[in-house]
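Asks: The structure is given below, and queries will be raised subsequently.
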Amino acid sequence: MTSNQQRAALQRQIWQIANDVRGAVDGWDFKQYVLGTLFYRFISENFASYIEAGDDSINYAALGDEIITPEIKDDAIKTKGYFIYPSQLFANIAAGANANESLNTDLAAIFTVIESSANGYPSEMDIKGLFADFDTTSNRLGNTVTDKNSRLAAVLKGVAGLDFGDFHGSQIDLFGDAYEFLISNYAANAGKSGGEFFTPQHVSRLIAQLAMHKQTSVNKIYDPACGSGSLLLQAKKHFDAHVIEDGFFGQEINHTTYNLARMNMFLHNINYDKFNLQLGNTLIDPHFGDDKPFDAIVSNPPYSVKWKGSDDPTLINDDRFAPAGVLAPKSKADFAFVLHALSYLSSKGRAAIVCFPGIFYRGGAEKKIRQYLVDNNYVETVISLAPNLFFGTTIAVNILVLSKHKTDTTTQFIDASGLFKKETNNNVLTDDHIQQIMAVFDSKEKAEYFAESVDHDKIAANAYNLSVSSYVETEDTREVIDITKLNAKLKTTVAKIDQLRADIDAIVAEIENA
């Protein structure tokens, strides 16, 4: 199957599952059950594959739980981070789902056992609460046990029917594509803002390439507002051929999305000892501050959210914000995320951050922060993107690229607002569009109506305005009109009109005389 065929088949299958439970479960809640079931299937297959170790004579799902010794269990948890008995595997539960009168409570018990298997091991905090949002006993599934079981069975059977071989060998990002499809279908209708938790894969590819451009190895990759982990995972895809020494790091404030991000790590074969995701408010309660700085930072933080700001007198002395001499406005935390990322960035690395365009031209504290960034030569590039690239918002966002190793004092501006392809309700960046942006980002050369590199003094004289439109001339696509030819044509037209009026007057006079 090609990637497009796999994606289409995945969407058809998910829509069929939705039809099976339509009218019973709100679409937004349904999303959690599909993603949770996908995750359950993956870790089951992944664990069975680990136990079988490529030996075709072993079928872990067909074995009895009684053969598992404490030594086998201990060794598996130390390696994989969790343990699943043969009877608890997705394949076995899905096979008997329709006839299982206690399916909902059995699933709840299995999820508890899988999570608790990590207790006392280094993986405990990476596994704990992973299934918290997969509530199999919730009344959202139905008022009776029979209703709950029938709907759970429908989801299990549907996910079991996905036939793409093993997850790791799939041509597509199964979890990302499923999440993207569910959000695009349900977010708008449900009045939810779930799109903020997910950066579309095509935008993620661009951000990852910008952050890791020309780096042959990185110590670790970080997203301070990681959502469901899509940006970190695009970084993994882009950097698979090289070395990521210490793995993937992130922080997320929303508990449900934090669970999705951890699931996503496992779904992409990132073992528990290669990622460190933390729950909490990055701006007020940051993690990883005592660690080594990061060589690559990718981020799509929430736009213009409120934060404590000046209401907390300790923040102005925080090492992340103090160098700028001012805090981001309480009503707009955008630059707080930018300064946080900058403080976590290593001397060799880059940070690529999706930003609301208003922060690049407004005055007050935001202007002072821009001045700090420009005067200290941290701003490498500002890229304006096309509108309607993200779920839940039509605004045309910018990407801010920060660097601590610039060799000159110019700042690059790229106008990519014309690069997009219309697909369904959203615009997308194609691979060709991304290549165009990366080519000019790499060369730093002037490209008419597309890219311009501007020296420090010009930006300072322009009140430290970092809007792309202030420096990249917009192509005038209006039709060029030859005034001389137009006037001659008008003169001829007027003469014809005058002659026509004279002819009409003569006819009218002739009629009146008759």
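Asks: Is it the case that some residue within the stretch 47-57 is farther than 21 Å from T136 by Cα, open to solvent by less than 40 Å² (accessible area, probe 1.4 Å) and touching a helix residue (DSSP H, G or I) at 6+ places or on another chain (Cβ under 8 Å)? Steps first, answer last, please.
Replies: If we filter the stretch 47-57 for residues that are farther than 21 Å from T136 by Cα, which is where we start, we get 47-57.
Filter again for open to solvent by less than 40 Å² (accessible area, probe 1.4 Å), leaving 47-48.
From what's left, touching a helix residue (DSSP H, G or I) at 6+ places or on another chain (Cβ under 8 Å): 47-48.
Checked the stretch 47-57: at least one residue is farther than 21 Å from T136 by Cα, open to solvent by less than 40 Å² (accessible area, probe 1.4 Å) and touching a helix residue (DSSP H, G or I) at 6+ places or on another chain (Cβ under 8 Å).
Asks: Would you confirm whether or not the stretch 35-50 contains a residue that is farther than 26 Å from F181 by Cα and of a type in the set (D, E)? Show your work before the answer.
Replies: So in the stretch 35-50, the residues farther than 26 Å from F181 by Cα come out as 47-50.
Remaining after also requiring of a type in the set (D, E): none.
No, that holds for no residue.
Asks: Which pairs do you get when a residue that is farther than 19 Å from N264 by Cα, found in the stretch 42-60, comes within reach of a residue that is part of a helix (DSSP H, G or I) and of a type in the set (S, T, Y), reach meaning Cβ atoms under 8 angstrom, with the pair 6+ apart or on two chains?
Replies: I51/Y60; E52/Y60
Asks: Quick one: would you say E479 is exposed (fewer than 10 other Cβ atoms within 10 Å of the Cβ) and either among the aromatic types (F, W, Y) or under 30 Å from V397 (Cα atoms) (or both)? Don't jump to the end; show me each part of the working.
Replies: Numbers: exposed (fewer than 10 other Cβ atoms within 10 Å of the Cβ): yes; either among the aromatic types (F, W, Y) or under 30 Å from V397 (Cα atoms) (or both): yes.
In short, yes.
Asks: Taking only the stretch 232-267 into account, find how many residues are in contact (Cβ under 8 Å) with a residue 12 or more places away in the chain and farther than 18 Å from G280 by Cβ. Give the steps one after another, and end with the answer.
Replies: Of all residues in the stretch 232-267, those in contact (Cβ under 8 Å) with a residue 12 or more places away in the chain come to 232-239, 242-267.
From what is left, the residues that are farther than 18 Å from G280 by Cβ are 233-239, 242-247, 263-264, 266-267.
Total meeting the criteria: 17.
Asks: Could you list, in sequence order, all residues of the stretch 117-164 that are in contact (Cβ under 8 Å) with a residue 40 or more places away in the chain, of a type in the set (A, V, I, L, M) and either open to solvent by less than 10 Å² (accessible area, probe 1.4 Å) or part of a helix (DSSP H, G or I) (or both)?
Replies: Those that are in contact (Cβ under 8 Å) with a residue 40 or more places away in the chain, of a type in the set (A, V, I, L, M) and either open to solvent by less than 10 Å² (accessible area, probe 1.4 Å) or part of a helix (DSSP H, G or I) (or both): A118, I127, L130, L141, V145, L152, A153, A154, V155, L156, V159, A160.
Asks: Could you check the stretch 456-476 and list, in sequence order, the residues that are open to solvent by 80 Å² or more (accessible area, probe 1.4 Å), within 30 Å of K368 (Cα to Cα) and either touching a residue at least 40 places away in the same chain (Cβ under 8 Å) or of a type outside the set (K, R) (or both)?
Replies: Hits for the stretch 456-476 are D457, A461, S469, E473, T474.
Asks: Please go through (1) open to solvent by less than 10 Å² (accessible area, probe 1.4 Å); (2) in a helix (DSSP H, G or I) for V354 and return the number of the only condition it doesn't satisfy.
Replies: Failed condition: (2).
Asks: Condition first: of a type outside the set (S, T, N, Q) and under 17 Å from D223 (Cα atoms). Now tell me which residues in the stretch 324-347 satisfy that. Let's see the steps before the verdict.
Replies: The first filter runs over the stretch 324-347 and keeps only residues of a type outside the set (S, T, N, Q), leaving 324-330, 332-342, 344-345.
Residues satisfying the conditions are A333, D334, F335, A336, F337, V338, L339, H340, A341, L342, Y344, L345.
Asks: Right, here's the next one. Can you tell which of G64, G81 is small (G, A, S), open to solvent by less than 30 Å² (accessible area, probe 1.4 Å) and under 23 Å from I127 (Cα atoms)?
Replies: Every option except G81 fails the conditions.
Asks: Here is a follow-up. Hey, among A336, A328, A261, which residue is in contact with a Gly (Cβ under 6 Å, 6 or more places away or on another chain) and either within 24 Å of V397 (Cα to Cα) or open to solvent by less than 10 Å² (accessible area, probe 1.4 Å) (or both)?
Replies: Only one candidate qualifies: A261.
Asks: Which residue is nearest to G358 (Cα to Cα), if the candidates are limited to the stretch 400-439 and must be of a type in the set (A, V, I, L, M) and open to solvent by less than 10 Å² (accessible area, probe 1.4 Å)?
Replies: L400
Asks: Could you say whether any residue in the stretch 290-301 is over 17 Å from L342 (Cβ atoms), open to solvent by less than 60 Å² (accessible area, probe 1.4 Å) and in a loop (DSSP other than H, G, I, E, B)?
Replies: No, every residue in the stretch 290-301 fails to be over 17 Å from L342 (Cβ atoms), open to solvent by less than 60 Å² (accessible area, probe 1.4 Å) and in a loop (DSSP other than H, G, I, E, B).
Asks: If I filter the stretch 340-352 down to residues being touching a residue at least 60 places away in the same chain (Cβ under 8 Å) and not hydroxyl-bearing (S, T, Y), which single residue comes out as nearest to V203 (Cα to Cα)? Don't jump to the end; show me each part of the working.
Replies: Step one: of the stretch 340-352, the residues touching a residue at least 60 places away in the same chain (Cβ under 8 Å) are 340-342, 344, 346, 348-352.
Within this subset, residues satisfying the condition of being not hydroxyl-bearing (S, T, Y) are 340-342, 348-352.
On the way: H340: 22, A341: 19, L342: 21, K348: 23, G349: 20, R350: 17, A351: 15, A352: 11 Å.
Across the stretch 340-352, the extreme among qualifying residues is A352.
Asks: Being open to solvent by 10 Å² or more (accessible area, probe 1.4 Å) and either over 16 Å from I399 (Cα atoms) or part of a helix (DSSP H, G or I) (or both) is true for just one of Q251, Q209. Which residue is that?
Replies: Working: Q251 fails: open to solvent by 10 Å² or more (accessible area, probe 1.4 Å).
Within the list Q251, Q209, the selection yields Q209.
The values are calculated or read from the model by the stated rules, or taken from the named source; none is laboratory data. Note that the structure is predicted; figures quoted are calculated from it, not measured. As a convention, Cβ positions derive from the backbone with ideal geometry for all residues, glycine included, and neighbour counts pool all protein chains shown. Remember, those area values only see protein heavy atoms, side chains included, never the ligands or the DNA or RNA. Shrake-Rupley method; radii C 1.70, N 1.55, O 1.52, S 1.80 Å.
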